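What follows is a set of notes on a single structure, which appears directly below.
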Amino acid sequence: MNSKVENVYSHPQIFGKKTELYFAILCGLFLITGFLIEKLTHSSNWMHLVSYIISYGFGGFFIAIEASKKIPKREFDIDFLMIAAACGAAYIGSWAEGALLLFLFSLGHALEHYAMNKAKKSIEALGNLSPKTALRKTNGILQEVPIEALKINDVIVVKPNTKIAADGVILSGNTSINQAPITGESIPVDKTPFASTDNLPSFEDLDKKHVVFAGTINGDSSIEVMVLKLTEDSTVSRLIKMVNEVETHKSPTQRLTKKFERWYVPIVVIVVFLLCFVYLVIDESFNTSLYRAITVLVAASPCALAISTPSAVLSGIARAAQKGVLIKGGKALEDLGEITTIAFDKTGTLTEGRPKLTNLITLNDFDELELAKLVVEVESLSNHPLAKAIAQDVKAKFNVEVQNEASDVNAIQGKGIQATYKNNSVFIGNVKLMESSGIYIDDTISSKMDNLLQNGQTVMLVAYQKTLIGIISVMDVPRKTAASTLRHLKNIGIKHMIMLTGDHQNVGDAIAKQIGLTEAKGNLLPEDKVEAVRTLIKRDTKIAMVGDGVNDAPAMALSTVSVAMGAAGSDVALETADVALMSDKIENLPFVIGLSRASKRIIKQNIWISLGVVVMLVPVTILGLTTIGLAVAFHEGSTIVVVLNALRLLRYE
């Protein structure tokens, strides 16, 4: 049966998009009418024959169109086999059985297209996410314009509870935004305005709390947004484009069944042709041989096999899209279902992606609150990302604010910073800084530092008036959901979970222990990660690599399936990854793997059903033990079962 859904609407649409279904129903009605006239009345033959011929017309209309397109290319597929069988039935006078064949086949055709369209519509609904117009603000004046008229750096006003028209950055207003249409997140995400548009970073480098996406829904507050992407470049537009391309990435099973069909159909045609002349060998009439040949033609046609894989693949991809996951085609879907080894990038994947204060320890009886004030004052003067993170976390933890009591900050490359606080010198940095500044570190302090370092933390010392007064430790802490996600992955059969990181081995080991990884490899350069992935593939054949799709692109490209997290707004991640989790939530990974396995399972079930019916029917029909009607019923029944089985994926949880 033809699985190319996109060709359906090139046919005549007398009754709209459901024309094919209505034609199948009309075929059935005229079949029943002809049958009743033939069996229950004493009318002349031509009355029921006319009814059967009309049934043939409706049932064979779309099938004949499909077959006629292929014959000039010397392609003889299932549609050709069905038309040949119906014509043969008519030739030997079995009009009712031929009409039944066309009715069930055309009904199966229509149901197949319905199933495929249902899956596609689940995806293409994304196209209706973006509003058609936007409120553009120019010199304080609001004007409603088509979204196609928006330009980069235009400012739009988004009213409460309305859809956002473009990807951009919030300039004013605090709100909560429902990002479920893009990322699958069920809870609205709080958003705040960006501090200044001077030296605005690129869209991908902006903190997600300032960023909005086209098609998402604003909360109860009005906001102003600067447009940073044109309509055709927005995340939702790219998502739609890529989803529409997924069918070009055929799964291994799809390729295999296509090869099988290419050889199988000509063999069936040859066997059926030979069966037409069995009457020359055994004592039976030509019509009996022809009837048997036509029955074998029906029984041997691999309709269910043709639809078994594409229907499951498209349903699986559609279900993933509903949950904010882009799977690029059947190959990625099937491969992910076979994975038992996953390699993870550390930063931003298993961890929060930024250093957080883990300890502020006082030394030599120095007051804790006074230490906190000193650290905030000094670190706030530095532009180093680590200093900014420390200042921010200490402020929040100890509820202190900058009083501008520090000055003369000086960064010392590879060691730390020096500054003046309340007219006295302050040093914050590593052991080398303290030693070069003549500050003594006793064994007790060294022991405390070593304990923190062994746990994967970055440690800094604080000295004031030439005396050590504190220890600061920071760490890129694991995501709150990382440990539970890894447990879930283990429960569904993932045997090996390895972290690949450029950080020190101690850092990797500490995080691995906290969240339950099976292994951690530290001190890796990008080329080392590629080699690590290559080694894992040699050992386990197929592996998935999970990262942000940017920093670890070479290693991800080498893996069997690459999974990018937080792909919404990231062009690189959307382009390079086989699977893109639109939200920045690692907890979606078990769902995707579970869906892939369910898809693989249903594909196998469908293939067994379709081949099983063929294997059962062909010998029975060759021996002449069944009629065309029964062969058609079993044959088309298997096609409908396969389609309905595939549609179960749309409800996968």
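Here Thr138 passes the criteria (1) over 30 Å from Lys159 (Cβ atoms); (2) modelled with pLDDT of 85 or more; (3) among the hydroxyl-bearing types (Ser, Thr, Tyr) except the one numbered (1). Here Leu142 fulfils each of the conditions (1) in a strand (DSSP E or B); (2) under 27 Å from the mean Cα position of the chain (by Cα) apart from (2).
The number of residues in the stretch 605-636 being without any contact (Cβ under 8 Å) to a residue 60 or more places away in the chain and assigned to a helix (DSSP H, G or I) comes to 7.
Scanning the stretch 580-615 for residues that are at pLDDT below 90 and among the hydroxyl-bearing types (Ser, Thr, Tyr) yields a count of 2. For the stretch 448-481, a residue qualifies if it is part of a strand (DSSP E or B), within 38 Å of the chain's Cα centre (by Cα) and of a type in the set (A, V, I, L, M), and the qualifying residues are Val474, Met475. Val641 fulfils the conditions (1) over 30 Å from Ala86 (Cβ atoms); (2) part of a helix (DSSP H, G or I) except for a single criterion, (1).
Could you run through the stretch 297-331 and say how many residues are outside any helix (DSSP H, G or I) and of a type in the set (D, E, K, R)? Spell out how you get there, then give the answer.
Restricting attention to the stretch 297-331, the residues satisfying the condition of being outside any helix (DSSP H, G or I) are 301-302, 323-329.
Now restrict to residues that are of a type in the set (D, E, K, R): 323, 328.
Here the count works out to 2.
Within the stretch 599-625, restricting attention to residues that are out of contact with any Ser or Thr (no Cβ under 6 Å at 6 or more places or on another chain) and crowded, with 19+ Cβ neighbours inside 10 Å, the residue that is nearest to Ser94 (Cα to Cα) is Leu617.
Under the condition of being at pLDDT 75 or above, surrounded by 15 or more Cβ atoms within 10 Å (Cβ to Cβ) and either on the phi > 0 side of the Ramachandran plot or not in a helix (DSSP H, G or I) (or both), the residues counted in the stretch 235-277 number 1. Inspect all residues belonging to the stretch 380-396 and state whether any of them is closer than 25 Å to Ser437 by Cβ, over 45 Å from the mean Cα position of the chain (by Cα) and without any contact (Cβ under 8 Å) to a residue 60 or more places away in the chain. Within the stretch 380-396 (the criterion being closer than 25 Å to Ser437 by Cβ, over 45 Å from the mean Cα position of the chain (by Cα) and without any contact (Cβ under 8 Å) to a residue 60 or more places away in the chain), the answer is no, since none of the residues qualifies. Free of Cβ contacts under 8 Å to residues at least 60 places away in the same chain, closer than 22 Å to Asp584 by Cα and out of contact with any strand residue (DSSP E or B) (no Cβ under 7 Å at 6 or more places or on another chain) - does that describe any residue in the stretch 476-484? Within the stretch 476-484, one or more residues are free of Cβ contacts under 8 Å to residues at least 60 places away in the same chain, closer than 22 Å to Asp584 by Cα and out of contact with any strand residue (DSSP E or B) (no Cβ under 7 Å at 6 or more places or on another chain).
Would you check if there is a residue in the stretch 367-376 being assigned to a loop (DSSP other than H, G, I, E, B) and over 28 Å from Gly516 (Cα atoms)?
Looking only at the stretch 367-376, we keep the residues that are assigned to a loop (DSSP other than H, G, I, E, B), and these are 367.
Next, only the ones that are over 28 Å from Gly516 (Cα atoms) stay: 367.
Scanning the stretch 367-376, I find at least one residue that is assigned to a loop (DSSP other than H, G, I, E, B) and over 28 Å from Gly516 (Cα atoms), so the answer is yes.
Just so you know, in the stretch 127-162 the residues that are polar (S, T, N, Q) and more than 11 Å from Val227 (Cα to Cα) include one that is surrounded by the most Cβ atoms within 10 Å (Cβ to Cβ), and it is Ser130. All conditions in (1) under 19 Å from Lys70 (Cβ atoms); (2) among the aliphatic types (A, V, I, L, M); (3) under 37 Å from the mean Cα position of the chain (by Cα) hold for Val269, with the sole exception of (3). Given the structure, is Ile441 surrounded by fewer than 16 Cβ atoms within 10 Å (Cβ to Cβ) and closer than 17 Å to Phe366 by Cβ? It is true that Ile441 is surrounded by fewer than 16 Cβ atoms within 10 Å (Cβ to Cβ) and closer than 17 Å to Phe366 by Cβ. Tell me yes or no: at least one residue of the stretch 354-376 is farther than 17 Å from Leu461 by Cβ and of a type in the set (Ser, Thr, Tyr). No; the residues of the stretch 354-376 include none that is farther than 17 Å from Leu461 by Cβ and of a type in the set (Ser, Thr, Tyr). For the structure I just gave you, tell me whether Val325 is touching a helix residue (DSSP H, G or I) at 6+ places or on another chain (Cβ under 6 Å) and under 30 Å from Met449 (Cα atoms). Criteria not met by Val325. Residues that are among the aromatic types (Phe, Trp, Tyr), in a loop (DSSP other than H, G, I, E, B) and closer than 23 Å to Asn359 by Cβ do occur in the stretch 436-447, at least one of them. Cβ-Cβ contacts under 9 Å between residues 6 or more apart (or on different chains), taken from a first residue in the stretch 96-111 that is in the same structural domain as Glu636 (by TED's automatic domain parsing) to a second residue that is of a type in the set (S, T, N, Q) and outside any helix (DSSP H, G or I), are listed as Glu97/Thr627; Phe105/Ser301; His109/Asn2.
The set of residues from the stretch 407-434 being among the basic types (Lys, Arg) and either within 15 Å of Lys388 (Cα to Cα) or in contact with a strand residue (DSSP E or B) (Cβ under 6 Å, 6 or more places away or on another chain) (or both) comprises just one member, Lys415.
Among the residues making up the stretch 489-528, none is over 24 Å from Gln454 (Cα atoms), crowded, with 16+ Cβ neighbours inside 10 Å and in contact with a Gly (Cβ under 9 Å, 6 or more places away or on another chain). Please determine whether any residue of the stretch 597-618 is over 33 Å from the mean Cα position of the chain (by Cα) and among the small types (Gly, Ala, Ser). Looking for residues that are over 33 Å from the mean Cα position of the chain (by Cα) and among the small types (Gly, Ala, Ser), one finds none in the stretch 597-618, hence no.
The values are calculated or read from the model by the stated rules, or taken from the named source; none is laboratory data. Please read all numbers here as calculations on a predicted model, not as lab measurements. All Cβ positions, glycine included, derive from the backbone under ideal geometry; neighbour counts span all protein chains shown.
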